[in-house]
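To keep things clear, I will list the structure first and then write my remarks on it.
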Amino acid sequence: MTTPLRRHRSDEADRALRDAQQTAADALSETVRLRRALDALTAAIVIHDAKGQLVLRNRQHAELDANRHVAALVAAAVEKAVASAQDGTAATQTLELHGPPPRTLDITAVPLGAPEMPLGTIAFVEDISERRRLESVRKDFAANVSHELRTPIGALGVLAETLVDEDDPEVVRRLAKHIMSEAERAGRLIEDLLDLSRIEAGGVLVETSVDIASVVNTAADRVAAPAAQRDVKVLVTGPDMSTVVLGDERQLVSAVVNLLDNAVKYSEPGSVVTLEAGIDRRWVVVRVCDQGIGIPARDLERIFERFYRVDRARSRETGGTGLGLSIVRHVATNHGGTVSVYSREGEGSTFTLRLPKATR
(Lines give C-alpha, C1' and ligand atoms only; values in the text may rest on other atoms or scores of the structure.)
Protein backbone atom coordinates (compact mmCIF):
# COMPACT_ATOMS: atom_id res chain seq x y z
CA MET A 1 0.00 0.00 0.00
CA THR A 2 1.36 3.44 -1.08
CA THR A 3 1.42 6.00 1.70
CA PRO A 4 0.67 9.73 1.12
CA LEU A 5 4.28 10.56 1.98
CA ARG A 6 5.56 8.11 -0.62
CA ARG A 7 3.17 9.50 -3.25
CA HIS A 8 4.33 13.04 -2.43
CA ARG A 9 7.99 12.08 -2.85
CA SER A 10 7.20 10.27 -6.12
CA ASP A 11 5.40 13.37 -7.48
CA GLU A 12 8.36 15.55 -6.51
CA ALA A 13 10.74 13.16 -8.27
CA ASP A 14 8.56 13.19 -11.40
CA ARG A 15 8.46 17.03 -11.39
CA ALA A 16 12.22 17.19 -10.88
CA LEU A 17 12.72 14.76 -13.76
CA ARG A 18 10.40 16.76 -16.03
CA ASP A 19 12.17 20.01 -15.06
CA ALA A 20 15.54 18.44 -15.78
CA GLN A 21 14.30 17.16 -19.14
CA GLN A 22 12.90 20.61 -20.01
CA THR A 23 16.16 22.28 -18.99
CA ALA A 24 18.11 19.85 -21.14
CA ALA A 25 15.74 20.44 -24.07
CA ASP A 26 16.06 24.23 -23.68
CA ALA A 27 19.84 23.95 -23.53
CA LEU A 28 19.86 21.80 -26.66
CA SER A 29 17.57 24.27 -28.41
CA GLU A 30 19.87 27.16 -27.42
CA THR A 31 22.87 25.21 -28.67
CA VAL A 32 21.16 24.56 -32.02
CA ARG A 33 20.22 28.23 -32.34
CA LEU A 34 23.78 29.27 -31.47
CA ARG A 35 25.19 26.84 -34.03
CA ARG A 36 22.83 28.11 -36.75
CA ALA A 37 23.60 31.74 -35.88
CA LEU A 38 27.34 31.10 -36.11
CA ASP A 39 26.91 29.26 -39.42
CA ALA A 40 25.00 32.26 -40.80
CA LEU A 41 27.95 34.60 -40.20
CA THR A 42 30.27 35.39 -43.12
CA ALA A 43 33.35 35.19 -40.88
CA ALA A 44 34.85 31.88 -39.81
CA ILE A 45 34.50 31.35 -36.03
CA VAL A 46 36.42 29.02 -33.74
CA ILE A 47 35.91 28.77 -29.95
CA HIS A 48 38.33 27.20 -27.46
CA ASP A 49 37.81 26.55 -23.76
CA ALA A 50 40.05 27.81 -20.95
CA LYS A 51 42.36 24.81 -21.45
CA GLY A 52 42.81 25.57 -25.15
CA GLN A 53 40.64 22.67 -26.31
CA LEU A 54 38.44 23.18 -29.40
CA VAL A 55 34.79 23.63 -28.38
CA LEU A 56 33.04 24.84 -31.52
CA ARG A 57 33.71 26.06 -35.04
CA ASN A 58 31.21 27.20 -37.62
CA ARG A 59 30.65 26.08 -41.19
CA GLN A 60 32.82 28.82 -42.71
CA HIS A 61 35.81 27.73 -40.63
CA ALA A 62 35.29 24.10 -41.62
CA GLU A 63 35.24 25.12 -45.30
CA LEU A 64 38.77 26.49 -44.97
CA ASP A 65 39.95 22.89 -44.71
CA ALA A 66 39.06 22.37 -48.38
CA ASN A 67 42.46 23.75 -49.32
CA ARG A 68 45.13 21.97 -47.27
CA HIS A 69 47.76 24.68 -47.81
CA VAL A 70 45.36 27.47 -46.79
CA ALA A 71 44.09 25.40 -43.85
CA ALA A 72 47.63 24.92 -42.51
CA LEU A 73 48.45 28.64 -42.75
CA VAL A 74 45.15 29.68 -41.15
CA ALA A 75 45.50 27.09 -38.38
CA ALA A 76 48.99 28.37 -37.51
CA ALA A 77 47.81 31.99 -37.47
CA VAL A 78 44.73 31.17 -35.37
CA GLU A 79 46.85 29.15 -32.92
CA LYS A 80 49.20 32.11 -32.45
CA ALA A 81 46.32 34.56 -31.94
CA VAL A 82 44.50 32.23 -29.54
CA ALA A 83 47.67 31.76 -27.47
CA SER A 84 47.87 35.52 -27.03
CA ALA A 85 44.15 35.76 -26.17
CA GLN A 86 44.52 33.04 -23.52
CA ASP A 87 46.90 35.38 -21.72
CA GLY A 88 44.11 37.94 -21.61
CA THR A 89 45.22 40.10 -24.56
CA ALA A 90 43.21 40.42 -27.77
CA ALA A 91 45.30 39.67 -30.85
CA THR A 92 44.93 40.62 -34.51
CA GLN A 93 46.87 39.34 -37.51
CA THR A 94 46.58 39.84 -41.27
CA LEU A 95 47.35 36.82 -43.43
CA GLU A 96 48.23 37.36 -47.10
CA LEU A 97 47.59 34.33 -49.32
CA HIS A 98 49.10 34.54 -52.80
CA GLY A 99 46.60 32.14 -54.36
CA PRO A 100 45.47 31.82 -57.01
CA PRO A 101 43.30 33.67 -56.38
CA PRO A 102 45.14 35.98 -53.94
CA ARG A 103 43.27 36.46 -50.66
CA THR A 104 43.67 38.57 -47.53
CA LEU A 105 42.40 37.15 -44.22
CA ASP A 106 41.97 39.19 -41.05
CA ILE A 107 42.35 37.00 -37.91
CA THR A 108 41.23 38.29 -34.49
CA ALA A 109 41.16 36.40 -31.19
CA VAL A 110 39.67 37.78 -27.96
CA PRO A 111 39.44 36.27 -24.46
CA LEU A 112 36.06 35.20 -23.08
CA GLY A 113 35.05 35.82 -19.47
CA ALA A 114 36.67 37.95 -16.79
CA PRO A 115 40.45 37.89 -16.10
CA GLU A 116 39.84 36.23 -12.73
CA MET A 117 37.56 33.62 -14.29
CA PRO A 118 38.62 32.93 -17.94
CA LEU A 119 36.15 30.92 -20.02
CA GLY A 120 38.29 30.49 -23.13
CA THR A 121 38.74 32.36 -26.41
CA ILE A 122 36.86 33.10 -29.60
CA ALA A 123 38.69 33.71 -32.88
CA PHE A 124 37.31 35.32 -36.05
CA VAL A 125 38.74 34.70 -39.53
CA GLU A 126 37.35 37.24 -41.99
CA ASP A 127 38.08 37.35 -45.72
CA ILE A 128 38.75 41.04 -46.45
CA SER A 129 40.04 40.50 -50.01
CA GLU A 130 37.14 42.35 -51.65
CA ARG A 131 37.37 45.20 -49.16
CA ARG A 132 41.09 45.56 -49.88
CA ARG A 133 40.43 45.47 -53.63
CA LEU A 134 37.78 48.19 -53.37
CA GLU A 135 40.06 50.33 -51.24
CA SER A 136 42.79 49.97 -53.85
CA VAL A 137 40.34 50.83 -56.64
CA ARG A 138 39.17 53.94 -54.77
CA LYS A 139 42.73 55.11 -54.14
CA ASP A 140 43.74 54.53 -57.77
CA PHE A 141 40.60 56.26 -58.97
CA ALA A 142 41.23 59.33 -56.80
CA ALA A 143 44.86 59.47 -57.91
CA ASN A 144 43.90 59.13 -61.58
CA VAL A 145 41.18 61.78 -61.37
CA SER A 146 43.60 64.19 -59.68
CA HIS A 147 46.22 63.53 -62.36
CA GLU A 148 43.79 63.86 -65.26
CA LEU A 149 42.24 67.10 -63.98
CA ARG A 150 45.62 68.62 -63.12
CA THR A 151 46.63 68.80 -66.79
CA PRO A 152 43.76 70.92 -68.19
CA ILE A 153 43.46 73.02 -65.03
CA GLY A 154 47.19 73.70 -65.01
CA ALA A 155 47.07 74.63 -68.68
CA LEU A 156 44.16 76.99 -68.04
CA GLY A 157 46.15 78.76 -65.34
CA VAL A 158 49.22 79.20 -67.54
CA LEU A 159 47.18 80.39 -70.53
CA ALA A 160 45.20 82.85 -68.42
CA GLU A 161 48.38 84.22 -66.86
CA THR A 162 49.89 84.72 -70.31
CA LEU A 163 46.70 86.35 -71.57
CA VAL A 164 46.71 89.00 -68.83
CA ASP A 165 49.86 90.70 -70.15
CA GLU A 166 49.21 90.14 -73.85
CA ASP A 167 48.26 93.07 -76.13
CA ASP A 168 48.51 91.49 -79.58
CA PRO A 169 44.92 90.73 -80.73
CA GLU A 170 46.05 87.72 -82.80
CA VAL A 171 47.91 86.19 -79.85
CA VAL A 172 44.92 86.92 -77.57
CA ARG A 173 42.63 85.09 -80.03
CA ARG A 174 44.99 82.12 -80.17
CA LEU A 175 45.30 81.94 -76.38
CA ALA A 176 41.53 82.25 -75.95
CA LYS A 177 41.06 79.35 -78.37
CA HIS A 178 43.47 77.22 -76.32
CA ILE A 179 41.62 78.16 -73.13
CA MET A 180 38.31 77.06 -74.69
CA SER A 181 39.89 73.78 -75.77
CA GLU A 182 41.26 73.01 -72.29
CA ALA A 183 37.96 74.00 -70.64
CA GLU A 184 36.09 71.64 -72.99
CA ARG A 185 38.56 68.89 -72.19
CA ALA A 186 38.01 69.34 -68.44
CA GLY A 187 34.24 69.43 -69.03
CA ARG A 188 34.31 66.17 -71.01
CA LEU A 189 36.32 64.50 -68.28
CA ILE A 190 33.87 65.63 -65.60
CA GLU A 191 30.87 64.49 -67.67
CA ASP A 192 32.45 61.06 -68.24
CA LEU A 193 33.26 60.76 -64.54
CA LEU A 194 29.65 61.55 -63.63
CA ASP A 195 28.35 59.06 -66.22
CA LEU A 196 30.69 56.34 -64.98
CA SER A 197 29.77 57.05 -61.35
CA ARG A 198 26.04 56.80 -62.10
CA ILE A 199 26.45 53.62 -64.14
CA GLU A 200 28.70 51.92 -61.57
CA ALA A 201 26.52 52.85 -58.60
CA GLY A 202 23.07 52.47 -60.08
CA GLY A 203 23.12 49.32 -62.16
CA VAL A 204 20.15 49.25 -64.55
CA LEU A 205 18.23 52.33 -63.39
CA VAL A 206 15.18 51.98 -65.65
CA GLU A 207 14.37 48.53 -67.00
CA THR A 208 12.06 48.97 -69.98
CA SER A 209 11.70 47.50 -73.45
CA VAL A 210 14.25 49.30 -75.62
CA ASP A 211 14.28 49.01 -79.42
CA ILE A 212 17.93 48.60 -80.40
CA ALA A 213 17.30 50.40 -83.72
CA SER A 214 16.43 53.54 -81.76
CA VAL A 215 19.62 53.18 -79.70
CA VAL A 216 21.78 52.73 -82.80
CA ASN A 217 20.25 55.66 -84.71
CA THR A 218 20.43 58.00 -81.71
CA ALA A 219 24.09 57.13 -81.14
CA ALA A 220 24.92 57.65 -84.82
CA ASP A 221 23.24 61.08 -84.78
CA ARG A 222 25.29 62.16 -81.74
CA VAL A 223 28.64 61.39 -83.37
CA ALA A 224 27.68 62.76 -86.80
CA ALA A 225 29.18 66.22 -86.17
CA PRO A 226 32.58 65.12 -84.79
CA ALA A 227 32.80 62.45 -87.52
CA ALA A 228 32.18 65.08 -90.19
CA GLN A 229 34.86 67.32 -88.66
CA ARG A 230 37.40 64.50 -88.96
CA ASP A 231 36.14 63.55 -92.46
CA VAL A 232 35.13 60.09 -91.24
CA LYS A 233 31.98 58.46 -92.65
CA VAL A 234 29.68 56.47 -90.32
CA LEU A 235 27.59 53.73 -92.00
CA VAL A 236 24.67 52.23 -90.05
CA THR A 237 23.30 48.77 -90.90
CA GLY A 238 20.33 46.90 -89.41
CA PRO A 239 18.65 45.51 -87.58
CA ASP A 240 16.25 44.19 -90.24
CA MET A 241 13.36 43.86 -87.78
CA SER A 242 12.26 45.29 -84.46
CA THR A 243 14.78 44.02 -81.93
CA VAL A 244 14.14 44.65 -78.24
CA VAL A 245 16.31 44.41 -75.12
CA LEU A 246 15.33 45.07 -71.51
CA GLY A 247 17.29 47.84 -69.90
CA ASP A 248 18.07 51.51 -69.52
CA GLU A 249 17.95 53.30 -72.88
CA ARG A 250 20.15 56.15 -71.64
CA GLN A 251 22.92 53.74 -70.61
CA LEU A 252 22.67 51.77 -73.85
CA VAL A 253 22.91 54.91 -75.99
CA SER A 254 25.90 56.05 -73.93
CA ALA A 255 27.66 52.71 -74.56
CA VAL A 256 27.16 52.81 -78.33
CA VAL A 257 28.12 56.52 -78.50
CA ASN A 258 31.38 55.76 -76.70
CA LEU A 259 32.19 52.90 -79.08
CA LEU A 260 31.49 55.12 -82.09
CA ASP A 261 33.34 58.10 -80.64
CA ASN A 262 36.36 55.91 -79.95
CA ALA A 263 36.29 54.52 -83.51
CA VAL A 264 36.01 58.00 -85.07
CA LYS A 265 38.85 59.46 -82.98
CA TYR A 266 41.26 56.69 -83.94
CA SER A 267 40.36 56.65 -87.64
CA GLU A 268 42.22 58.52 -90.34
CA PRO A 269 40.46 61.21 -92.45
CA GLY A 270 38.58 59.72 -95.40
CA SER A 271 38.03 56.34 -93.71
CA VAL A 272 34.77 54.58 -92.82
CA VAL A 273 33.32 53.43 -89.49
CA THR A 274 30.53 50.85 -89.68
CA LEU A 275 27.84 50.32 -87.05
CA GLU A 276 25.95 47.04 -87.37
CA ALA A 277 23.11 45.66 -85.26
CA GLY A 278 21.55 42.23 -85.52
CA ILE A 279 20.50 39.03 -83.73
CA ASP A 280 22.60 36.00 -82.90
CA ARG A 281 20.21 33.44 -81.40
CA ARG A 282 19.30 34.82 -77.94
CA TRP A 283 21.66 37.79 -78.20
CA VAL A 284 21.32 41.24 -79.69
CA VAL A 285 24.69 42.11 -81.21
CA VAL A 286 25.96 45.64 -81.83
CA ARG A 287 29.26 45.77 -83.71
CA VAL A 288 31.44 48.84 -84.40
CA CYS A 289 34.25 48.44 -86.95
CA ASP A 290 36.87 51.01 -87.90
CA GLN A 291 39.84 51.22 -90.26
CA GLY A 292 42.02 53.02 -87.74
CA ILE A 293 45.43 52.49 -86.19
CA GLY A 294 44.47 49.30 -84.36
CA ILE A 295 45.45 48.15 -80.86
CA PRO A 296 48.68 46.34 -79.95
CA ALA A 297 48.11 42.80 -78.63
CA ARG A 298 49.75 43.69 -75.29
CA ASP A 299 47.07 46.32 -74.64
CA LEU A 300 43.94 44.34 -75.56
CA GLU A 301 43.35 42.99 -72.05
CA ARG A 302 43.57 46.43 -70.43
CA ILE A 303 41.71 48.80 -72.73
CA PHE A 304 38.47 48.55 -70.70
CA GLU A 305 40.22 49.78 -67.54
CA ARG A 306 39.50 53.31 -66.35
CA PHE A 307 41.97 55.90 -67.67
CA TYR A 308 43.93 53.31 -69.64
CA ARG A 309 45.10 54.67 -73.00
CA VAL A 310 46.94 52.83 -75.74
CA ASP A 311 48.39 56.02 -77.23
CA ARG A 312 48.46 58.86 -74.69
CA ALA A 313 49.75 61.40 -77.21
CA ARG A 314 46.90 60.56 -79.60
CA SER A 315 44.40 60.76 -76.72
CA ARG A 316 45.57 64.26 -75.81
CA GLU A 317 45.28 65.29 -79.45
CA THR A 318 41.72 63.92 -79.80
CA GLY A 319 40.52 64.96 -76.33
CA GLY A 320 39.96 61.41 -75.09
CA THR A 321 39.40 60.97 -71.35
CA GLY A 322 40.27 57.26 -71.07
CA LEU A 323 36.85 56.48 -69.58
CA GLY A 324 34.72 55.67 -72.64
CA LEU A 325 35.47 51.96 -72.90
CA SER A 326 35.16 51.54 -69.14
CA ILE A 327 31.65 53.01 -69.41
CA VAL A 328 30.84 50.51 -72.19
CA ARG A 329 32.02 47.58 -70.05
CA HIS A 330 29.89 48.65 -67.07
CA VAL A 331 26.81 49.14 -69.24
CA ALA A 332 27.28 45.66 -70.73
CA THR A 333 27.66 44.14 -67.25
CA ASN A 334 24.60 45.99 -65.91
CA HIS A 335 22.50 44.51 -68.72
CA GLY A 336 23.81 40.94 -68.39
CA GLY A 337 25.87 41.26 -71.56
CA THR A 338 29.50 41.42 -72.66
CA VAL A 339 31.80 43.59 -74.72
CA SER A 340 34.82 42.27 -76.60
CA VAL A 341 37.39 43.53 -79.09
CA TYR A 342 39.31 42.16 -82.04
CA SER A 343 42.12 44.28 -83.39
CA ARG A 344 45.37 44.24 -85.32
CA GLU A 345 47.79 47.12 -85.51
CA GLY A 346 47.42 49.13 -88.69
CA GLU A 347 44.23 47.29 -89.73
CA GLY A 348 41.60 48.74 -87.40
CA SER A 349 39.47 47.39 -84.56
CA THR A 350 36.10 45.70 -84.11
CA PHE A 351 34.19 46.10 -80.84
CA THR A 352 31.25 43.75 -80.23
CA LEU A 353 28.55 44.51 -77.66
CA ARG A 354 26.30 41.54 -76.87
CA LEU A 355 23.05 42.03 -74.93
CA PRO A 356 20.37 39.47 -73.96
CA LYS A 357 17.38 39.66 -76.28
CA ALA A 358 14.08 40.41 -74.52
CA THR A 359 11.66 37.48 -74.50
CA ARG A 360 8.18 38.47 -75.57
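Scanning segment 320-358 for residues that are outside any strand (DSSP E or B) and under 30 Å from Ala183 (Cβ atoms) yields a count of 12. When every residue of segment 212-225 is checked against the conditions, at least one turns out to be modelled with pLDDT of 75 or more and either touching a Phe, Trp or Tyr at 6+ places or on another chain (Cβ under 9 Å) or more than 30 Å from Gly336 (Cα to Cα) (or both). Listed conditions (1) under 21 Å from Leu323 (Cα atoms); (2) over 33 Å from the mean Cα position of the chain (by Cα) are all met by Glu184, apart from (2). Residues of segment 185-208 include at least one that is modelled with pLDDT of 80 or more and either closer than 30 Å to Arg354 by Cβ or in contact with a Pro (Cβ under 6 Å, 6 or more places away or on another chain) (or both). Consider Ala123 carefully, then state whether it is closer than 16 Å to Arg57 by Cα and in a strand (DSSP E or B). So Ala123 passes the test.
Inside segment 75-101, can you point out the residues that are at pLDDT 80 or above and under 27 Å from the mean Cα position of the chain (by Cα)? Residues satisfying the conditions are Gln93, Thr94, Leu95, Glu96, Leu97. Among the residues of segment 94-111, those that are free of Cβ contacts under 8 Å to residues at least 24 places away in the same chain and either in a helix (DSSP H, G or I) or surrounded by 15 or more Cβ atoms within 10 Å (Cβ to Cβ) (or both) comprise Leu95, Asp106. Across segment 288-341, the number of residues qualifying as touching a Pro at 6+ places or on another chain (Cβ under 9 Å) and at pLDDT 80 or above comes to 3.
Return the residue satisfying two criteria in turn: it lies in segment 325-338 and is free of Cβ contacts under 8 Å to residues at least 40 places away in the same chain and among the β-branched types (Val, Ile, Thr), and of such residues it is surrounded by the fewest Cβ atoms within 10 Å (Cβ to Cβ).
Going residue by residue through segment 325-338, those that are free of Cβ contacts under 8 Å to residues at least 40 places away in the same chain are 329, 333, 336, 338.
Applying the additional criterion that residues be among the β-branched types (Val, Ile, Thr) yields 333, 338.
Values: Thr333: 15, Thr338: 13.
It comes out as Thr338.
Residues in segment 71-89 that are touching a helix residue (DSSP H, G or I) at 6+ places or on another chain (Cβ under 8 Å) and either surrounded by fewer than 17 Cβ atoms within 10 Å (Cβ to Cβ) or of a type in the set (Gly, Ala, Ser) (or both): 1 in all.
The values are calculated or read from the model by the stated rules, or taken from the named source; none is laboratory data. Here the structure is a predicted model, which means the values were calculated and not measured. Positions of Cβ are generated from backbone atoms using ideal geometry, with glycine treated the same way; all protein chains shown enter the neighbour counts.
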